[in-house]
Amino acid sequence: MSDNRREHLYDLQGVHLDAYDAIVRPDRVFAVRTYTLRRWTPILGATGFWLLTALQQSCYRNPKGSNWCAVGRETLARESALSEASVHRYLHADEYVSSGLIHWVQVEERRKYRSRMGRVTQAPNLYQVVMDAPLAPVDQRGLAQFLWENGAVAGTPAKEIEPALNRLISFKLADLLDLLDEYATRFQPPVAWSEDAFYPTVADVVSALDVRVSDDDEERSRFLDLCSQLQQAFVGQVYLGTQYFRQQWAPVLGHKLALVVVQLRSRCFWSDDTLRDEVSVGTKVLAEASGCNPGWLRAVSKTTQTQDFFTTTPGSGRRLPTFKVTLREPLTEVDEAKYQTLLNANKVIPDTGQLGLPDLDADDLDASGEHLKTLGASGERLGTDLDASGEHLKTLGASGERLGT
């Protein structure tokens, strides 16, 4: 490599100064729309939710920034803590429709006739995965009814319903959903409304009401921008969970309990001067949002493992139960051993002499699946929960159905 070429290249290596941070990697996150957690999880169920999350996460892997990727069923099963048979059912059998995944994942079969071969060949199916969130059916109905009651009858100029859209844009998410719940209860299908159709965006709902959008480019763009702003009022808020929780704890806890933890954490927040790690929510509401029943949730909340993630103070009368939520990820049993080793590790990187802790990435594994001695301390080995490919051992719940699912 020429000196000129070398001057334009920078070899980068991330290092960690803290043992806990080196294992959990809090900067490695998965994003879930808060709207999905509030509206779609009761429809998707816990299993459908974690499969959808795995599909979305797979789409982020394309290094060119595209959402396109190819992933094997075995990998997808491992990433979603499911058996391969369950993945097939949720994408190709009855669960595809009953779980609502049909509105998130569109399957395109790609069969082509090869004249030279004289037969039809089957290329891998293309799965188009929604990366934000479509409007849930209740909000499609509630929004349509709200707009209709505010003048959006067939043929109404779009400009005349802009005040109604602006009003909805000003609402906080919780208030917006409560309002549309109310309007959905008195929904009367407009003439152009199809009961079999699905209207995933605000603009689709407006179109179904047969509102007349101006042919003027400026007016049209302004109106469609308002529709987009309202769409973002629904789906723009994002919860960030750690990949450590998704990959290490969700398989152990099971789909339902893992989703309960996500639901509770998504209701917490912290800022420079505020930490809210207590959530008051009805057990029935939390159970419904997590794909489980209230009795099961009350029972599992008493287990030691669950109490590593949250503890519950029962409600009484009109007072709701209070959940004290652990926002710092507990370490798995295997990672607790790594943690103790790293606490005593030499905090100087051997190759550079700079301050930092050993890297626990799979790239640092030797053929036996153990981390190289140069990364250990006092000759101890790290990462013995990994197989030769760097994947977590099945004893951690990386295959088959999970506890609590």
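Coordinate-derived values only; no laboratory data. Since we're looking at a predicted model, the values are computed, not measured. Using ideal geometry, Cβ is built from the backbone for each residue, glycine included, and neighbour counts are taken over all protein chains shown.
For His16, the residues 5 or more places off, or on other chains, whose built amide H falls under 5 Å of its own are Leu357. Among the listed pairs Lys172/Lys302; Lys172/Lys284; Lys302/Lys338, a Cα-Cα separation exceeding 32 Å is found for Lys172/Lys302.
Legend: calculated FRET efficiency, Val15 to Ser207, from the Cβ-Cβ distance at R0 = 60 Å, rounded to 0.05, equals 0.70. The ranking of Arg89, Arg141 from fewest to most other beta carbons within 10 Å of each one's beta carbon is Arg89, Arg141.
Near Val29, the amide H atoms lying under 5 Å from its own belong to Gln243; only residues 5 or more places off or on other chains count, and H is placed 1.01 Å from N. With 10 Å bins beginning at zero, the pair-distance distribution over Cα atoms of the range 145-225 amounts to 16, 51, 29, 3 %.
Full extension of the chain segment joining Ala197 with Ile169 gains 7.6 nm, where the gain is 0.36 nm per residue of separation less the Cα-Cα distance. Computed from phi, the 3J(HN,Hα) profile of the range 199-206 under the Karplus parametrisation 6.51, -1.76, 1.60 (θ = phi - 60°) reads 10, x, 10, 4, 4, 5, 5, 4 Hz, with x in place of Gly and Pro. Each peptide in 128-138, 169-179 receives the mean, over its residues, of other Cβ atoms within 10 Å, and ordering these scores from highest gives 128-138, 169-179. Restricting the range 135-239 to GluC sites (Glu not before Pro) that sit in a DSSP loop and have at most 12 other Cβ atoms within 10 Å of their own Cβ leaves Glu195. One decimal place: the segment Cys268-Val29 gains 84.4 nm when fully extended, by the rule 0.36 nm per residue minus the C-alpha distance. Fully extending the segment from Thr312 to Glu219, taken as 0.36 nm per residue of separation minus the present Cα-Cα distance, adds 28.2 nm.
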